[in-house]
Amino acid sequence: MIPQTFKEVIDLGDGREISIETGKLAKQAHGSVVVQSGNCMLLCTVVSNYKQADVDFLPLTVDYREKFAAAGRYPGGFFKREARPSDGEVLTMRLVDRVLRPLFPKDYHAETQVMIQLMSHDENVMPDAMAGLAASAAIQLSDIPFETPISEVRVGRINGEFIINPSMAQLAESDIDMVIGASADSVMMVEGEMDEVSEEEMTEAIKFAHEAIKVQCDAQVKLAEAFGKKETREYDSEQEDEALAQKIHDMAYDKVYAVAKAGSSKQERSAAFAEIKEEIIASFSEEEQEELGGLISKYYSKAEKSAVRDLTLNEGLRLDGRKTTDIRPIWCEIDYLPSTHGSAIFTRGETQALATVTLGTSREANMIDMPSFEGEERFYLHYNFPPFSTGEARPIRGTSRREVGHGNLAQRALKGMVPEDCPYTVRVVSEVLESNGSSSMATVCSGTMALMDAGVQLKKPVSGIAMGLITDTESGKYAVLSDILGDEDHLGDMDFKVTGTADGITACQMDIKVKGLSYEILVKALKQARDGRLHILEKLTDTIAAPNADVKAHAPKMVTKVIPGEYIGAVIGSGGKVIQELQKETKTTIVINEDPVTEEGIVEILGTDQEGIDKVIATIDALMFKPEVGSIYEVKVIKMLDFGAVVEYTEAPGNEVLLHVSELAWERTENVSDVVNLGDVFDVKYFGVDPRTRKEKVSRKAILPKPEGYVERPPRDNNRGGRDNRGRDNRGRDNRGRDNRRDDRKPREN
């Protein structure tokens, strides 16, 4: 029996649509949808256990995978099977998770899994822009408790016009690439990169995206109603005790407020808060502690949060004693590591990042192989966050999603400032050595300086800052915080990271935890962030005002040379012999790529010794040397033979030609050494390929004056007696009278 399906269609304009369909696939999941635009199809399922997990958080897993079959391709590797997620898939998982997670009830702790799979790919549709819509739609069709539908869209701008969910080709022309996540009422997440846009332009892009999201949220509601919206499941709520909550609040609030107002360091503050908590726990009997231990900790955390937030709202003071607009003390240093190609330290308060730069050829490019995108990155940034940076000891189990996300944000912040004609592949690595607030922005700052220290000619330096927000809906008070601490991120209502140059924003990442954030507050936060960015930028340029004019002495120098495609084989040589010997002899790295459009060869020469690089260039020039018929060239004798001399063009060392003995002089020459000797330098005239010998011909005598009385020798008749050059007469008979024309022969009998 054909299953009944339910479908809603969303009009994106320009003839594009997104459809949401349910009822056909994955019906044992608690909710499932197929989201389609063009030929791009995403299958999203959601399942949540009916039993609460014994944890105090939501164990939510958002998984996004792109199937290679969706694009008619095979996975790479030996096993030909999709394995661990790529960085691109991880970034999409984070985009969806950050919007979904805050909308589950605070006391809902059931294991929940959202799985989104790309089942069919369309090169004109970017699937990650529809992942949030798919996830929310699947949840709406389930009985899982969830506050409100959400969606995500990508917004671009081409020639001043905003566009929703642009294609990859359109995005290449856009000066904005942002993904916005929101409900019908509130913007909740923003992430993207821009080409130095203003704060007002960024706000307009968010508003434009939000209008499209409202339509997509409405479509989810209609689909759920048509499908038959399920009753929200019941679950075991957390135990609450209002009297206990008030008692602990009264015991903790004033003490916490006093510690917070003291403006101590992270370690001192943490120790003082821990002492207050221990005193409160100790005030209860052992039986009460055993029964109410979880609630005591929970209510203490609420009291601590309330006190810290009130301090900022009431007095404009923060945990470390700063005012809302103050930036922590900054110190910077470049060229810290002597053996790297570039390095820099950026320290802001209790956050420190050490960045290194490595320069290489196109061979070191970061290869991206996804069903939705194939290509390479010539500039990329990796971010490492070891446990010691926060004073912790915990297992290291590979690169975390957080590290991938923070590294990508810093990469997007900087990549637009790397010149398009930069000949190198550039890898930046950020090692976070201390962390108490926005190590990703410290990475941007240290990365900027390390690139300049390495001699990468950045268009403009980039700085970054993390902003926070504390609001009180009852009183209407709010405070925008510049350069937030880790605790302020945890206790606040917004974490807003923004990077840029002196002329505009290059990247941003925003997570909002409060509903209905007004655009007035958003604009204020952006403008306050600009002031902070410029302050930090000044500290960077005080340390290194401009990129170093050249790479370091021990760093490789890169020279790029374009050669005609017909000479690529000559430079490589048979079996790679020429290029391998040249690399070994000159101690360089040589990479040759063919331009798919012009079919020219792009030769990259990388080496620390300029003499070696120069020799490579000279050798390539020699291999490409092509003398012109009738031109005169200087040559040098490099070998003596009985029948002539082997000469080398002085302007193309290694390019040799035979100077026959008959072309040495007008007079008859018995011995080659009578006219020239090894090492002699003189001029010759080039005649091209001799049709008789089929070899290149040069002549010394052709540019010498003829001796007086010189008589030309008559040319030899090679066809006397009606015979051709192969000894056959004009009737096809050889000199013994046999007929060699095979067409006149009789077939041989078997």
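What follows draws every value from the coordinates through simple rules; no lab data is involved. Since we're looking at a predicted model, the values are computed, not measured. All Cβ positions, glycine included, derive from the backbone under ideal geometry; neighbour counts span all protein chains shown.
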* Anything over 19 Å Cα to Cα? Flag those among Lys255/Lys477; Lys561/Lys636; Lys685/Lys706; Lys247/Lys305; Lys587/Lys626; Lys561/Lys697, in the order listed. => Lys255/Lys477; Lys561/Lys636; Lys587/Lys626; Lys561/Lys697
* Structure fact -> Applying the gyration tensor rule to the Cα atoms of segment 537-665 (axes a ≥ b ≥ c; rounded if a/c under 1.5, else prolate if a/b exceeds b/c, else oblate), the class is prolate
* To do: Assign unit charges at the C-beta atoms only (+1 for Lys and Arg, -1 for Asp and Glu), then state the dipole size of the chain relative to its Cα centre in Debye, rounded to the nearest 20.
  => 4100 debye
* **Burial order of peptide ranges 194-202, 442-450, 43-51 (average beta-carbon count within 10 Å, highest first)** => 442-450, 43-51, 194-202
* Lysine-lysine proximity count for segment 6-227, Cα under 19 Å, sequence distance 8 or more or distinct chains -> 8
* Pick out, from Leu409, Ile544, Ser86, the residue whose Cα sits farthest towards the positive end of the charge dipole of the chain, with +1 on the Cβ of Lys and Arg and -1 on the Cβ of Asp and Glu. => Ser86
* To do: Taking the Cβ of Gln4 as the centre, find all other residues whose Cβ is under 14 Å away and add up their charges (Lys, Arg: +1; Asp, Glu: -1).
  => +2
* Obtain the radius of gyration and the Kirkwood radius of the chain from its C-alpha atoms and give Rg over Rh. => 1.17
* To do: Pick out, in residue order, every one of the trypsin sites (Lys or Arg not before Pro) in segment 327-422 that is DSSP loop and has at most 10 other C-beta atoms within 10 Å; say none if there are none.
  => Arg397
* Taking only the alpha-carbon positions of segment 557-624 and ignoring solvent, what does the Debye formula give for the base-10 log of I(q)/I(0) at q = 0.19, 0.24 Å⁻¹? -> -0.66, -1.04
* **Computed log₁₀ I(q)/I(0) - Debye formula, equal Cα scatterers, no solvent, segment 6-227, q 0.10, 0.11, 0.18 Å⁻¹** => -0.44, -0.53, -1.37
* Between 0 and 90°, nearest 10: helix 519-543 axis offset from the chain longest Cα axis -> 50 degrees
* To do: With r as the distance between the Cβ atoms of Ser167 and Asn593 and R0 = 25 Å, compute the FRET efficiency 1/(1 + (r/R0)^6) and round to 0.05.
  => 0.40
* Which whole-Hz couplings ³J(HN,Hα) result when phi for each residue of segment 240-257 is put into the Karplus expression 6.51 cos²θ - 1.76 cosθ + 1.60, θ = phi - 60°, listed in order with x for Gly and Pro? -> 10, 9, 4, 5, 5, 4, 5, 4, 5, 4, 5, 6, 9, 4, 5, 5, 5, 4
* To do: May I ask for the net charge around Tyr567, where only other residues with Cβ less than 13 Å from the Cβ of Tyr567 are counted and Lys, Arg are +1 while Asp, Glu are -1?
  => -3
* To do: Before anything else, pin down the relative contact order of the chain: Cα pairs under 8 Å, at least 6 apart, normalised by residue count, whole percent.
  => 9 percent
* For segment 72-183: span of alpha carbons on each principal axis (Å, largest first) -> 46, 45, 21
* Structure fact -> The answer for Met370, listing residues at least 5 apart or on another chain whose modeled amide H is closer than 5 Å to its amide H, is Gly375
* Between Glu17 and Ser186, take the C-beta separation as r, use R0 = 22 Å, and let me know the FRET efficiency to the nearest 0.05. => 0.25
* Structure fact -> Note on segment 632-708: alpha-carbon gyration tensor, axes a ≥ b ≥ c; rule is a/c under 1.5 for rounded, else prolate if a/b larger than b/c, else oblate; result rounded
* Computed [θ] at 222 nm, deg cm²/dmol, the chain (DSSP H ≥ 4; -39,500 (n - 2.57); rounded to nearest 500) -> -9500 deg cm²/dmol
* Asked: Of Pro707, Gln36, Ile10, whose Cα points farthest to the positive end of the dipole of the chain (charges on the beta-carbon: +1 Lys, Arg; -1 Asp, Glu; origin at the Cα centre)?
  -> Pro707
* To do: Can you tell me the order of 428-436, 365-373, 600-608 when each peptide is scored by its average per-residue count of other Cβ atoms within 10 angstrom, highest first?
  => 428-436, 600-608, 365-373
* **Positive dipole terminus of segment 242-315, leading residue within Tyr253, Ser285, Ala243 (C-beta point charges)** => Tyr253
* Asked: Roughly how tilted is helix 286-315, in degrees to the nearest 10 and between 0 and 90, from the longest Cα axis of the chain?
  -> 70 degrees
* Burial order of peptide ranges 650-659, 454-463, 703-712 (average beta-carbon count within 10 Å, highest first) -> 454-463, 650-659, 703-712
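Scan segment 72-155 for chymotrypsin sites (Phe, Trp or Tyr not before Pro) in coil per DSSP, keeping those whose Cβ has at most 15 other Cβ atoms within 10 Å, and list them by number.
Phe78, Phe79
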* To do: Over the alpha-carbon set of segment 242-315, divide Rg by the Kirkwood Rh and report the Rg/Rh ratio to two decimals.
  => 0.99
* Asked: In the neighborhood of Pro386, defined by Cβ-to-Cβ distances under 15 Å, what is the net charge if each Lys or Arg adds +1 and each Asp or Glu adds -1?
  -> -1
* In degrees, nearest 10, range 0 to 90: what is the angle between the Cα axis of helix 577-586 and the longest Cα principal axis of the chain? -> 70 degrees
